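In what follows, a structure is listed as structure tokens, so that the remarks can point back to it.
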Amino acid sequence: MSKIKSFSEIKKISEKLKKEGKIIVFTNGCFDIIHPGHIKLLKKAKSLGDVLIVGLNKDKSVKKLKGEKRPIIDEKGRVEILSSLEMVDYVVLFGDRTPKRLIKEILPDYIVKGGDYKKQEVVGKDIVEKYGGKVVIIPLYKKYSTTNLIKKIK
């Protein structure tokens, strides 16, 4: 069974999981050059619930967010890496600038983001809090960041 799902597939899966009383955790990002900071965030996110869904920015949206030289690893490679991680249950590619539309499909119990965000800045906060969901910020693993790794490689 593939962990890689479309919007319509993840909506059906989420509805089924909710009926079963499962706690759904959602996080999203570019996940370009997976490093220990990403792993720490994903492990912590998974520990909050039963199922971890990762929204992954498509290449076009990464370019808009990070600049023309990004991503370093294309979406096909990034989705393969993320879907191979044991703590990740599902991966959904999205091309919008933000994951708001995807969050509306999933209606997670938790949205998890890294410490470079403040709770009030997290996209979807308004959506999940309406039905009792929560936003959780995981402190950054300061030693690692994709930007710093790229600088180091150069």
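Of the residues 24, 10, only one is among the β-branched types (Val, Ile, Thr), at pLDDT 95 or above and within 24 Å of residue 140 (Cα to Cα); which? Within the list 24, 10, the selection yields 24. Residue 21 meets the conditions (1) part of a loop (DSSP other than H, G, I, E, B); (2) crowded, with 24+ Cβ neighbours inside 10 Å; (3) not acidic (Asp, Glu) in every case but one. The failed one is (2). Number of residues in the stretch 46-58 that are surrounded by fewer than 14 Cβ atoms within 10 Å (Cβ to Cβ) and either within 21 Å of residue 2 (Cβ to Cβ) or touching a residue at least 24 places away in the same chain (Cβ under 8 Å) (or both): the value is 0.
Residues are listed down the side, and each one gets a yes or a no for (1) assigned to a strand (DSSP E or B); (2) touching a Lys or Arg at 6+ places or on another chain (Cβ under 6 Å):
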{"residue": "82", "(1), (2)": "no, no"}
{"residue": "93", "(1), (2)": "yes, yes"}
{"residue": "101", "(1), (2)": "no, no"}
{"residue": "111", "(1), (2)": "yes, no"}
{"residue": "120", "(1), (2)": "no, no"}
{"residue": "126", "(1), (2)": "no, no"}
{"residue": "129", "(1), (2)": "no, no"}
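Residue under question is residue 61, and the condition is that it be farther than 17 Å from residue 133 by Cβ, touching a residue at least 40 places away in the same chain (Cβ under 8 Å), among the hydroxyl-bearing types (Ser, Thr, Tyr) and out of contact with any Asp or Glu (no Cβ under 6 Å at 6 or more places or on another chain); does it hold? Answer is no for this residue.
The values are calculated or read from the model by the stated rules, or taken from the named source; none is laboratory data. Keep in mind that this is a model prediction, so the values were computed, not measured. Note that each Cβ is placed from the backbone with ideal geometry, even for glycine, and that neighbours are counted across all protein chains shown.
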